[in-house]
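Step one of this worksheet: look at the structure below.
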Amino acid sequence: MERNRIFQILFLIVLALCVTLTCKSPQKSQSQWLDMTYPYDNNTIYWPTAKPFQLVKLDWKVSEAGWWYASNEFSASEHGGTHVDAPIHFSENGRTIDQIPLEEWVGPAVKIDVVHKCESNRDYLLSVEDILAWEEENGHIPGKAWVIMFTGIDSKYYPDKKNVLGTSKTGEDAIPDLRFPGFSPESIEYLVSNRNITGIAIDTPSIDNGQSKDFLAHRILCGADKLALENIAQLDKLPVSGATLYVIPMLIKEGTGSPARVFALFN
Ligand SMILES: [Zn+2]
């Protein structure tokens, strides 16, 4: 009887410990991770006059001594695939990639959905009204925000050059045929003058639309010391508000831009 009692007490202690440990075990995170980066390979989209990404496999073999060894060489223009622009890109005294502190690359994501407008107009320019309509529904643009124009182009077509750029030609001949939406100069002027933003992003190869000749969107943004992010992936899966965008560029000394690993976290 005495023995049974001891077992009963021991059983209860073990049970209590199990319950306590279960309760104290870390709660599974509710956050979702969204990788918003396109891979660098032969299909990566570059400006028609830029040098594309190249990977050369140097080894990838078992050495004479019997162990495996693999290494590659890669080269590319700064501005291609999922990449960022530093202010120096279009502003003579602007900062280079290495002069921008890490924390500046992280901020709340504001997704402005203009997919339907871009479907009926390949040259569509985001307007101040589009920004105000987003705020009407979602509240004031939060401080340090990345303001993202969702055109639907990349999520539908990337890496199909003809459908993303408007042409599959390369070189100078391709420039007049570039056709994709972008930010209007007025929308950027409005954002840098009236809101506290980190930068702007788009799911096309450039924040200026394909038909732009003066690159005013770039010039106003870079002149205001703000950042740009181009060819952001998986925008169709990003919520309209509430996500945090992490933009992690390669740390290129004196870089005017850089490939970036981009991801979002949201609940
Ligand atoms: Zn760029």
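Throughout, read-outs are computed from the coordinates displayed, never taken from laboratory work. Note that the coordinates shown come from a computational prediction; the quantities given were computed from them, not determined experimentally. Methodologically, a virtual Cβ is constructed for each residue, glycine included, from the backbone with ideal geometry; neighbour enumeration extends over all protein chains shown.
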| field | Amide hydrogen neighbours beyond the local backbone of residue 229, cut-off 5 Å, H modeled | value | 85, 200, 201, 202
| task | Rank by packing, highest mean first: peptides 142-151, 35-44, with packing defined as the count of other Cβ atoms within 10 Å averaged across residues. | result | 142-151, 35-44
| query | Separation of the range 90-148 and the range 153-207 by C-alpha centroid, Å? | reply | 12 Å
| task | Would you grab the residues whose amide H sits under 5 Å from the one on residue 261? Only those 5+ places off in sequence or on another chain, please, with H modelled 1.01 Å from N. | result | 248, 250
| task | Using only the Cα atoms of the range 26-159, build the gyration tensor, take square roots of its eigenvalues as a ≥ b ≥ c, and label the shape rounded, prolate or oblate: rounded if a/c is under 1.5, else prolate if a/b is larger than b/c, else oblate. | result | prolate
| query | Counting only Cα, what are the radius of gyration and maximum Cα-Cα distance Dmax of the chain, in Å? | reply | 24.4, 96
| Label-point gap, in nm, between residue 59 and residue 121 - each point 7 angstrom along Cα→Cβ | 5.6 nm
| task | Read phi for every residue in the range 259-267 and hand back ³J(HN,Hα) as whole Hz from Karplus 6.51 cos²θ - 1.76 cosθ + 1.60, θ = phi - 60°, with x for Gly and Pro. | result | x, 9, 8, 10, 8, 10, 10, 7, 8
| query | Taking R0 as 30 Å, what's the FRET efficiency between residue 32 and residue 132 from their Cβ-Cβ distance, rounded to 0.05? | reply | 0.55
| query | Under 19 Å from the Cα of residue 161, which lysines turn up, not counting those fewer than eight places away in the same chain? | reply | 51, 169
| Under Stokes-Einstein, with the Kirkwood radius over Cα pairs standing in for Rh, what whole-number D in µm²/s applies to the range 26-89 at 10 °C and 1.306 mPa s? | 103 µm²/s
| field | Cα pair count fraction exceeding 18 Å, expressed as % - the range 199-267 | value | 45 percent
| message | If each DSSP helix of 4+ residues adds -39,500 (n - 2.57) and the sum is divided by the residues in the chain, what number results at 222 nm, nearest 500 deg cm²/dmol? | response | -7500 deg cm²/dmol
| task | Using only the Cα atoms of the range 88-183, build the gyration tensor, take square roots of its eigenvalues as a ≥ b ≥ c, and label the shape rounded, prolate or oblate: rounded if a/c is under 1.5, else prolate if a/b is larger than b/c, else oblate. | result | oblate
| query | Which whole-Hz ³J(HN,Hα) couplings does the range 90-99 yield from phi under the Karplus relation 6.51 cos²θ - 1.76 cosθ + 1.60, θ = phi - 60°, glycine and proline marked x? | reply | 10, 9, 3, 9, x, 6, 9, 3, 6, 8
| Which number comes out as Rg/Rh for the range 110-267 once both Rg and the Kirkwood Rh are worked out on C-alpha atoms? | 0.94
| task | Using per-residue counts of other Cβ atoms within 10 Å, averaged over each peptide, order 47-53, 221-227 from highest down. | result | 221-227, 47-53
| Each residue of the range 131-140 in turn: what ³J(HN,Hα) in whole Hz from Karplus with 6.51, -1.76, 1.60 and θ = phi - 60°, glycine and Pro shown as x? | 5, 5, 5, 4, 5, 4, 8, 10, x, 4
